[in-house]
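Heads up: the structure comes next, in structure tokens.
What follows draws every value from the coordinates through simple rules; no lab data is involved. Just so it is clear, the structure is predicted and the values come from calculations on it, not from any experiment. Because the Cβ atoms are built from the backbone with ideal geometry, glycine has one as well, and the counts that use them run over all protein chains shown.
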Amino acid sequence: MLRVILLVNGMLAAAVLVQSRAASLNGLLQAFLAAAAIVEPVLIASLALLCPLRRTLRPLGYAAGVVAIALLELCLVTGMRWVLPGETRAGLDALLRDYLAAAAVTGVVLYYFNLRERAFSPALAEARLAALQARIRPHFLFHSLTAVLSLIRSEPRRAEAALEDLADLFRVLLREQRQLVPLEDEIEICRRYLDIEALRLGDRLKIVWNIDAAATDTAMPPLILQPLVENAVHHGIEPAAASGEVAIRIARNGGEVEIEIVNPKIDDPEPDPHAARAAGSARPRNHMALDNVRERLALHFDVEARLETVASGGQYRVTIVVPYRRYVERATGEGR
């Protein structure tokens, strides 16, 4: 809807700029407002009608759907001219001109969305998702293995328990990653990962969970939460000698689910030597995981999801907002 509004108003502004003879900015603005007085009611009425009609239009097929939308726009233009005050009602010539303009705008908008759908076709989107998912896995597995290796000699029993958790994590990573999963699965993955990290970092790592049960059944892309939790541990806890807290809050606000991860922000880290040796020399950049998660959210939810970061007051805060869509297990494993 936002794209339609911006695109139509952009075309309206361009038409006014080309056709208007006004030389001043104020004259152009007056011409734009005069044209908008006709266009905006039609645009708003179109969006208001097409939203409830989308289920009726979908079975028609693309060509029939385009014809139906074009006829709807012509009817709205006719109705708009009919309800205007008497002095601005259109004659036949003006009405035909309005029809041509409405058909042109409708054609441009539908053509834009057709091109956009092709650009984000399932094959291309799945290929991009697979590539992005592949970039997350190596860091995930590297740090999990490193945590287990640090315990094998000193605490073999705890290392054995960690290997069992790691086996479960491997199972998750090897399964199909293109479909959405319930948020509660993501939470469980994070708990297992944090259990492994707790074995390595001990009392230095403190985790605070605040989970709204009403949000746990929302459908999420796989491995969205874990990379951000991993960032919080490796950039907020591991470099510091003192203990630190990672707070994870998940809440549902109406039609949205908000996930917030807060960890200490270390400006000039002085890594603990033991932790540094355990972690190894390779540490993923913070922004790689953030960019990866942001792009995968965009591929799944478009502009309905967002990822924001704020660093202030000695804390680093990552917030994800996604639309609430209850996960329904289907034969294909797909969630909606």
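Other residues lying with their Cβ under 15 Å from the Cβ of Y62 contribute a combined charge of +3, Lys and Arg counting +1, Asp and Glu -1. Given +1 at the Cβ of Lys and Arg, -1 at the Cβ of Asp and Glu and no other charges, the dipole of segment 2-119 around its Cα centre is 360 debye to the nearest 20. Using the Cβ-Cβ distance between V303 and D185 with R0 = 22 Å, the FRET efficiency computed as 1/(1 + (r/R0)^6) comes to roughly 0.30. Each residue of segment 308-316 was assigned a 3J(HN,Hα) from its phi angle through the Karplus curve 6.51 cos²θ - 1.76 cosθ + 1.60 (θ = phi - 60°); the sequence is 10, 10, 9, 10, 6, x, x, 10, 10 Hz, with glycine and proline shown as x.
With the cut-off at 19 Å, report for segment 2-119 the share of all Cα pairs above it, as a whole percent. In whole percent, the long-distance tail amounts to 52.
Name the residue from V83, G61, L33 whose Cα lies farthest towards the positive end of the charge dipole of segment 2-119, charges +1 on Cβ of Lys and Arg and -1 on Cβ of Asp and Glu. Value: G61.
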